[in-house]
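Please treat every number below as a calculation from the coordinates, not as lab data. Model, not experiment: these values are computed from the prediction. Please note: Cβ atoms are built from the backbone with ideal geometry, for glycine as well, and neighbour counts cover all protein chains shown.
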């Protein structure tokens, strides 16, 4: 197919796999509203920071020798409760 195109249009650039996948109808591109994406990312970042803070507080409150014996329960927001 490339040879046929080159005979008709010698200056044509070769078609890459990425070019083929971007043809309309080949692959659907999910598009998310930027405001929704920002909200979702903010929620995930807050949850991650809460988990880090919980871990820091637990490590400060419980000596290393005891932390393996009695792990503290995570806050409800980290367990989905």
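General remarks:
- Each of residue 30 and residue 52 was given a label point 7 Å from its Cα along the Cα-to-Cβ line. The distance between the two points is 2.5 nm.
- Residues 11, 50, sorted so that the one with the fewest Cβ neighbours within 10 Å comes first: 11, 50
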